[in-house]
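K.L.:
Before we start, here is the structure in question, set down as structure tokens.
Each reported figure results from applying straightforward, stated rules to the coordinates on display, with no laboratory input. If you're wondering where the values come from, they're calculated on a predicted model, not measured in any experiment. Using ideal geometry, Cβ is built from the backbone for each residue, glycine included, and neighbour counts are taken over all protein chains shown.
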Amino acid sequence: MREEIEVTQKEIDDLFSRMEKESREMGYFLNPDREFTEDLIRSLLINEKRYGYMNCPCRLSSRNKEDDLDIICPCDYRDADIVDYDACFCGLFVSSKIFRKEKLPEPIPERRPSREERKNRKNRDNSIKGELSKPVWRCKVCGYLCGRDNPPEICPICKAKGDRFERFI
């Protein structure tokens, strides 16, 4: 039997406020349907308590943070989904068109590669050797690049945590 995880309205309101502020600073909007958005935020908080990270509520967690890094909110696919469909896969983040109700949301196809494709990509990326004095790190959320020994603790662009960086070169 699955344990019941409690989330308070204060926790939802606090995360909503934080996400709204951060997303506005980056040019994004939270879905204007407050009830829908609060349900997604509730699910993110439940996943954080259950797994230790905010796994996208619309995707199944492997229960392994390293395997799920690409689907921790904000997921690696958010930007491309918003460009192509005006909303991310789960609908939490939307474009200004949807926010201003100039356009209705539409179904968004899953763009996350299969587990096998992700494994092959990781193996291929690990085999690339650069001849730079420092490795180049890429934020998988926004694409920010930086050359240094280790990735930053927090992305200066999108505020994703350092574990969301991958060695690019």
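K.L.:
Taking a cut-off of 25 Å between Cα atoms, list the lysines near LYS159, but don't count ones fewer than 8 places away on the same chain.
P.N.:
LYS10, LYS21, LYS49, LYS65, LYS97, LYS122, LYS134, LYS140
K.L.:
In the chain, with Lys and Arg counted as +1 and Asp and Glu as -1 at Cβ, which of these residues, SER43, CYS142, ILE98, has the Cα nearest the positive end of the dipole, that is, farthest along it?
P.N.:
Farthest towards the positive end: CYS142.
K.L.:
What angle do you read, to the nearest 10 degrees and between 0 and 90, between the alpha-carbon axis of helix 9-25 and the longest principal axis of the chain?
P.N.:
With both axes taken from Cα atoms, the answer is about 60 degrees.
K.L.:
Let me ask something else about it. Give the residues of segment 18-42 whose amide nitrogen is closer than 18 Å to a point set 7 Å from the Cα of ARG148 in the direction of its Cβ.
P.N.:
Flagged as within label range: none.
K.L.:
Could I ask something else about it? Which distance in nm do the two modelled labels at ASP39 and ASP67 give, with both placed 7 Å along the Cα-to-Cβ direction?
P.N.:
Each label point is offset 7 Å from its Cα along the Cβ direction, giving 2.8 nm.
K.L.:
Sticking with this structure for a sec: Using label points projected 7 Å from each Cα along Cα→Cβ, tell me how many nm separate ARG111 and TYR51, to one decimal.
P.N.:
Inter-label distance under the simple model: 2.0 nm.
K.L.:
Measure nothing but the geometry: give the 0 to 90° angle between the long axis through the Cα atoms of 34-51 and the longest principal axis through the Cα atoms of the chain, rounded to 10°.
P.N.:
Once rounded, one gets 50 degrees.
K.L.:
Please state the charge dipole magnitude for segment 128-167, taken about the Cα centre, from unit charges on C-beta atoms (+1 on K and R, -1 on D and E), reported in debye and rounded to the nearest 20. The partial results should precede the final answer.
P.N.:
Details: 9 positive and 5 negative charges, 21 e Å.
The dipole of segment 128-167 has a size of about 100 debye.
K.L.:
With no solvent and one point on each alpha carbon, what is the Debye value of log10 I(q)/I(0) for the chain at q = 0.18 Å⁻¹?
P.N.:
-1.24
K.L.:
Can you compute the FRET efficiency between ILE169 and GLU4 using 1/(1 + (r/R0)^6), with r the Cβ-Cβ distance and R0 = 30 Å? Round to the nearest 0.05. Spell out each step's value before the answer.
P.N.:
Working: r = 46 Å, r/R0 = 1.54.
Working from the Cβ atoms, E equals 0.05.
K.L.:
Which peptide among 113-120, 136-143 comes first, and what is the full order, when sorted by highest mean count of other Cβ atoms within 10 Å?
P.N.:
Details: 113-120: 11.0, 136-143: 19.8.
Packing order, densest peptide first, comes out as 136-143, 113-120.
K.L.:
Let me ask something additional. Fully extended, how many nm does the chain gain between GLU20 and VAL83 (0.36 nm per residue separation, minus their Cα-Cα distance)?
P.N.:
So the extension gain works out to 20.8 nm.
K.L.:
Can I ask one more? Return the tail of the calculated pair distribution for segment 9-99, meaning the percent of Cα-Cα pairs more than 20 Å apart. Could the numbers behind the result be given before it?
P.N.:
Numbers: 1265 of 4095 pairs.
More than 20 Å apart: 31 percent of the Cα pairs in segment 9-99.
K.L.:
Could you work out the helix-only [θ] at 222 nm for the chain, with each DSSP H run of four or more residues adding -39,500 (n - 2.57) and the total divided by the number of residues, to the nearest 500 deg cm²/dmol? Kindly include the intermediate steps, with their values, before the conclusion.
P.N.:
Details: 6 runs with 64 residues, N = 169.
Helix-only estimate at 222 nm: -11500 deg cm²/dmol.
K.L.:
Moving on. If one puts a single equal scatterer on every Cα of segment 128-167 and applies the Debye formula without solvent, what log₁₀ I(q)/I(0) results at q = 0.19, 0.21 Å⁻¹?
P.N.:
Log10 I(q)/I(0), no solvent term: -0.46, -0.55.
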